[in-house]
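Asker: Next up is a structure, given as structure tokens.
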Amino acid sequence: GYFPPEKESAEAWQKEMADQGISIELAGMDVSSYEDSERAIAEVAEKFGPVEILVNCAGITRDGTLKKMPEESWKAVMSTNLDSAFNVTRHVINGMLDRGWGRIVNIASLQSSRAFPNGLAYGASKGGVSQLTRAMTEAWSRDGITCNAIAPGFFPTELTAPVYENPELLDRLAAQTAIGRNGVLPDLDGLTVFLASPASDYVTGQVIYIDGGFTAK
């Protein structure tokens, strides 16, 4: 099947998990494509059964303002960040409904509620992710399927690499938090596991910020 450019990092993660005794299977798909998402989810379901837990986390950014942003950049961000969450969820939801249980976790952003410079398309897409989360909640929570979103602050990822190359900017962002530091990836683990487990049975429709108090100030 289709494998995106991130295949190499996914395989590195697979090996890291294998070294810890955890077996990971990889299935490649173009999440911006409704048809390719359908193909890949069908292959996964045939091998492992219907998907029970889904994390929609695909994301790209294209900096620009309304005057400077080409149409293709806007479409690329929307299709990867927002359309993908619809595409993949659409192809797993029937299995969750048949089972009467499911967990959907979408990845939102500080820009779901804050406007950042040059974040026109990215901010709009992540605002859409937050509202899509609420709409999914209204549609399926009575059927045993919860849907929530995690909105991370500043973490070291491929998308934030330019920020992490600027120590002065990093210091300013850390100072904006209530805790006094930027995020590290393990900070995301606890909430993700919680939202994917029966411990969160009565939590649905929430956009939860893991930002060290950035949005509290």
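The values are calculated or read from the model by the stated rules, or taken from the named source; none is laboratory data. Not measured: the values here are computed from a predicted model. No Cβ is skipped: glycine too gets one built from the backbone with ideal geometry, and neighbour counts run over all protein chains shown. These area figures cover heavy atoms from the full protein model, side chains too; ligands, DNA and RNA do not enter into them. Shrake-Rupley method; radii C 1.70, N 1.55, O 1.52, S 1.80 Å.
Asker: So if I take the centroid of the Cα atoms in region 35-80 and the same for region 92-112, what is the distance between those two points in Å?
Answerer: Between the Cα centres of region 35-80 and region 92-112 lies a distance of 14 Å.
Asker: Would you work out the charge dipole size for region 4-154 about its Cα centre, treating the Cβ of every Lys and Arg as +1 and the Cβ of every Asp and Glu as -1, and quote it to the nearest 20 debye?
Answerer: Numbers: 15 positive and 20 negative charges, 151 e Å.
Dipole of region 4-154, to the nearest 20 debye: 720 debye.
Asker: What longest region of the chain stays clear of GluC sites (Glu not before Pro) that DSSP places outside H, G, I, E and B and that have at most 15 other Cβ atoms within 10 Å?
Answerer: 53-157
Asker: Once every DSSP H run of n ≥ 4 in the chain is given -39500 (n - 2.57) and the sum is divided by its residues, what mean residue ellipticity at 222 nm do you get, rounded to the nearest 500 deg cm²/dmol?
Answerer: My calculation for the chain gives -13500 deg cm²/dmol from helical runs alone.
Asker: Also: Please give the net charge around Ala40, taking every other residue with its beta carbon less than 13 angstrom from that of Ala40, where Lys and Arg add +1 and Asp and Glu add -1.
Answerer: On the way: positive: Arg39, Lys47, Arg90; negative: Glu25, Asp30, Glu35, Asp36, Glu38, Glu43, Glu46.
Neighbour charge sum, excluding Ala40 itself: -4.
Asker: For Glu6 and Lys47, calculate 0.36 nm times their separation in residues minus their Cα-Cα distance, and state this gained length in nm to one decimal.
Answerer: 12.5 nm
Asker: Counting only heavy atoms of protein chains, what accessible area per residue, in Å², does region 122-181 have with a probe of 1.4 Å?
Answerer: In whole numbers, region 122-181 has 51 Å² accessible per residue.
Asker: Further, regarding this structure: Work out the charge dipole of the chain with +1 on the Cβ of Lys and Arg and -1 on the Cβ of Asp and Glu about the Cα centre, then indicate which of Ser32, Thr80, Gly205 is farthest towards its positive end.
Answerer: Gly205
Asker: If you don't mind, there's one more thing I want to ask. Under a straight-distance cross-link criterion of Cα-Cα below 16 Å, which lysines are reachable from Lys67, leaving out those fewer than 8 residues away in the same chain?
Answerer: Here the lysines satisfying the reach criterion relative to Lys67 are Lys75.
Asker: Where does the charge balance sit around Asp143 when Lys and Arg score +1, Asp and Glu -1, over other residues with C-beta under 11 Å from its C-beta?
Answerer: Values: positive: Arg99, Arg142; negative: Asp98.
Taking every Cβ under 11 Å from that of Asp143, the sum is +1.
Asker: Next question. Mind checking the angle between helix 167-176 and the chain's longest principal axis? C-alpha axes, 0 to 90 degrees, to the nearest 10.
Answerer: So the helix axis and the longest Cα principal axis differ by about 80 degrees.
Asker: Note the angle between two axes, namely the Cα long axis of helix 7-19 and the longest principal axis of the Cα atoms of the chain, as a number of degrees from 0 to 90, rounded to the nearest 10.
Answerer: In the chain, helix 7-19 runs at an angle near 70 degrees to the longest axis.
Asker: Tally up the carbon and sulfur contribution to the accessible surface of region 31-157 as a whole percent, 1.4 Å probe, everything protein left in place.
Answerer: On the way: 3380 of 6230 Å².
Solvent-exposed carbon and sulfur of region 31-157 make up 54 percent of the total.
Asker: Also, quick follow-up: Roughly how many Å² is the accessible area per residue of region 45-115, as a whole number, for a 1.4 Å probe?
Answerer: Values: 3840 Å² over 71 residues.
Ligands and nucleic acids excluded, the figure is 54 Å² per residue.
Asker: May I ask for the angle, rounded to the nearest 10°, between helix 84-99 and the longest principal axis of the chain, with both axes built from Cα atoms and the value confined to 0 to 90°?
Answerer: That works out to roughly 40 degrees.
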